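The block underneath contains the structure these notes are about, expressed in structure tokens.
Laboratory data are not the source of any read-out in this text; all were calculated from the coordinates shown. In this text the structure is predicted, and so the values were computed from the model without any measurement. Cβ coordinates were reconstructed from backbone atoms using ideal geometry, including for glycine residues, and neighbour counts include every protein chain displayed.
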Amino acid sequence: MSLFSQRPFSDRTSTWLSQSGLHPLVARLFAARGVEKPEELSLDLKQLLSPVELQNCISTATLLADILERKEPMLVVADYDCDGATACAVAVRGLRMLGGSNTAIQFLVPNRFTMGYGLTPEVVDLAALQNPKPKYLITVDNGIASEAGVDRARELGMEVIVTDHHLPGDRLPKAIAIVNPNQPGCTFPSKALAGVGVMFYLLVALRAELRKRGQFTVETQPKIENLLDLVALGTVADVAQLDRNNRILVSNGLKRIRAGASQPGIAALFQAAVRDPRKAGAFDLGFAIGPRLNAAGRLADMTLGIRLLLSDSQDESISLAQELDRINRERRVIESGMQEAALAHLAEDQIAGTMADRNSICLWNPQWHQGVVGIVASRLKERFNRPALIFAPADGAAGEELRGSCRSINGFHLRDALDIVSKREPGLILKFGGHAMAAGLSIRKADFERFDTAFQKVAIELLSDELLERRYIHDGALDPSEFTTEIGDLLAEEIWGQGFPQPIFYGQFEIVQQSLMKEKHLRLQLRPIGDVQSTSKPFTGVWFNHTAPLPAQARLAYRLVTDRFQGQARVQLMIEAHDEG
């Protein structure tokens with residue numbers, strides 16, 4: 001059963017915000033998302049939190065300034081997702097802008113299939129073979145849990161500067177410097193910075209340090225703000241909480257993209273995705289641009305994606321973006337096949353009567369690709385409202401180890417659940433890590449059934465019937481006068497995302513007509529019930545990946561967007577759910 005409820009808001013706050021100049025609908029939406037004062041509406045860069053508040057940021061900037069003055073070689077060690085790739089590009093571009101043009105600044109991204117995640121000793125050994133051998137390794141979007149890797153680097157005569165945003169383990173690595181808002185003792189007010197945001201902050205502090213040293217003035221200093229398109233992409237694609245500080249970063253990055261001032265690589269990705277950068281929004285970054293960049297790390301090598309983000313050549317950027325688009329199409333085919341196989345397996349379980357008693361989904365298949373297990377886990381979690389763990393062989397079908405990716409639902413902390421399993425069944429999980437909503441782990445193929453049983457037991461203990469009920473939080477009804485393309489454009493201009501969710505409205509509709517598109521999506525013609533113009537032309541609605549027909553009247557949760565085709569603008573409703581209660 002699904003439960004529908006309206007997101008609460010203060011009428012007083014909503015009125016106050018609208019009196020400051022906000023459209024009344026947007027004022028209501030902002031009030032429901034925790035905006036309390038008109039001064040919080042400003043997303044100007046001057047409103048960013050100061051780097052002084054980020055632990056070790058100033059001292060690390062001083063260290064980097066010394067390294068640049070000595071022209072000592074550096075190597076940026078990236079993660080293989082979109083946040084890691086953009087953080088790497090920001091680091092390399094930023095360090096070169098700030099005086100490293102005559103310094104060897106290289107980058108390295110581990111292959112997720114052969115080296116695993118983070119600064120492992122194997123990655124350090126590979127780093128030591130670079131020419132010239134780096135004196136300093138700078139991690140971006142990783143490193144906070146890399147004790148062994150940092151120790152290995154020091155053995156080989158290299159120091160490590162860790163920039164990360166992930167939660168640390170019980171002990172911090174013995175790095176020469178650590179910049180991470182989530183490390184113990186850091187009082188930085190925003191704990192939601194993505195890895196790319198942490199690196200951007202370090203560059204801001206480095207520029208200030210170099211100004212103090214007389215390298216340039218405020219008027220002549222390099223414009224590292226030009227890198228905010230990369231910061232926006234990495235922040236949104238990593239599903240970072242969009243607190244005010246992150247919304248400032250994303251908003252200013254989107255302004256650059258809309259103004260045609262983005263990096264050539266990002267412009268090329270918009271072209272490959274057939275999206276108009278002049279109307280770029282967070283939705284484009286999260287669902288069109290980010291997946292194409294991520295595809296390189298999932299199926300190939302994220303070096304390709306980082307090369308794209310570092311390229312200043314339009315022709316090269318277009319060529320690389322087209323290759324990423326091809327890889328992303330391949331990823332979709334693999335994902336679709338894996339999802340169909342998983343659903344077929346679950347259907348068999350349902351026939352056997354076992355799925356109704358399960359609080360978790362745990363599957364593996366020898367033909368599945370480990371680069372796509374996270375996406376499939378996410379899809380199944382969304383579909384069944386259960387924590388989902390999807391495994392694939394670590395070394396192909398013949399491998400004895402399975403690597404899994406997990407996605408969770410609200411109220412079930414994945415990492416804590418895996419920790420319980422590891423304590424109850426010592427040696428069952430070879431390694432694991434993550435946070436509340438996402439995690440990764442490795443187990444032996446022979447132990448899959450044992451793991452499934454152990455994890456399912458924990459899920460039954462921790463997940464109540466209430467938590468397993470699907471909940472839809474909406475923003476109430478729209479007035480009939482608000483079903484306009486102007487409202488659609490207004491909503492598209494704002495910064496929505498994790499922690500500041502895109503508006504979903506709720507209302508009752510007459511279903512005038514319905515049909516299937518491509519045998520998998522429901523296309524609707526619908527009219528709001530209560531519309532004084534009951535004979536007005538109905539609106540088009542689309543419900544992706546839903547085929548079951550709706551009754552003649554239906555209560556629907558939906559997003560309102562402006563659809564443009566062949567120069568014509570029209571209102572379109574993107575259906576999210578049907579309230580059958």
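Other residues lying with their Cβ under 9 Å from the Cβ of residue 182 contribute a combined charge of 0, Lys and Arg counting +1, Asp and Glu -1. Put in line by how crowded their Cβ is, counting other Cβ atoms within 10 Å and starting with the fewest, 120, 60 read 120, 60. With a ≥ b ≥ c taken as the square roots of the eigenvalues of the C-alpha gyration tensor of the range 475-579, please select rounded if a/c is under 1.5 and otherwise prolate if a/b is larger than b/c or oblate if it is not? Since a/c stays below 1.5, the shape of the range 475-579 is classed as rounded.
For residue 135, the residues whose amide H sits under 5 Å from its own are 74, ignoring neighbours fewer than 5 places away on the same chain, with H placed 1.01 Å from N. Between the C-alpha center of the range 465-533 and that of the range 127-187 there is a gap of 46 Å. Calculate the FRET efficiency for residue 126 and residue 580 from the Cβ-Cβ distance with a Förster distance of 41 Å, rounded to the nearest 0.05. Once rounded, the FRET efficiency stands at 0.15.
Lysines within cross-link reach of residue 520: Cα-Cα under 27 Å, excluding same-chain residues under 8 positions apart? The qualifying lysines are 381, 537.
Length gained on full extension, residue 71 to residue 216: 50.4 nm, using 0.36 nm per residue less the C-alpha separation. Mean sequence separation of contacting Cα pairs (under 8 Å, at least six apart), scaled by the length of the range 66-108, corresponds to a relative contact order of 54 percent. Modelled spin-label separation between residue 104 and residue 568, with each label point placed 7 Å from Cα along the Cα-to-Cβ direction: 6.2 nm.
At an R0 of 22 angstrom, the distance between the Cβ atoms of residue 469 and residue 436 translates into a FRET efficiency of 0.70.
Within straight cross-link reach of residue 445, meaning Cα distance under 18 Å, which lysines are found once same-chain residues fewer than 8 apart are removed? Once the sequence-local lysines are set aside, what remains near residue 445 is 431. Cross-link check: pairs 135/174; 71/133; 46/255; 223/255; 46/279 evaluated at a Cα-Cα cut-off of 19 Å; pairs beyond the cut-off: 46/279.
In plain terms, the chain from residue 96 to residue 460 could stretch by 125.8 nm, reckoned as 0.36 nm per residue minus the Cα-Cα distance. The aspartates and glutamates within cross-link reach of residue 212, meaning a Cα-to-Cα straight distance under 18 Å and a gap of 8 or more places when in the same chain, are 66, 69. With the simple spin-label model, which puts each label point 7 Å out from Cα in the Cβ direction, the residue 39 to residue 279 separation comes to 3.7 nm. In a simple Cβ point-charge model (Lys, Arg +1; Asp, Glu -1; nothing else charged), the chain has a dipole of about 740 debye relative to its Cα centre.
Computed with the Debye formula from one identical point scatterer per Cα of the range 49-324, without solvent, the log10 of I(q)/I(0) at q = 0.08, 0.13 Å⁻¹ comes to -0.29, -0.80. Considering Cα pairs under 8 angstrom that are at least six residues apart, work out the relative contact order of the chain and quote it in whole percent. Normalised by residue count, the contact order of the chain is 11 percent.
Ranking 102, 148, 91 by Cα position along the charge dipole of the range 62-181, where only Lys, Arg, Asp and Glu carry charges on their C-beta atoms, puts 102 farthest toward the positive end. The packing ranking of peptides 308-316, 451-459, 213-221, 289-297, highest mean first, is 289-297, 451-459, 308-316, 213-221, where packing means the average number of other beta carbon atoms within 10 angstrom of each residue.
Using a/c under 1.5 as the rounded threshold, could you call the range 387-450 rounded, prolate or oblate? The axes a ≥ b ≥ c are square roots of the C-alpha gyration tensor eigenvalues, and prolate needs a/b larger than b/c, oblate otherwise. Oblate shape, in that a/c is at least 1.5 and b/c is the bigger or equal ratio.
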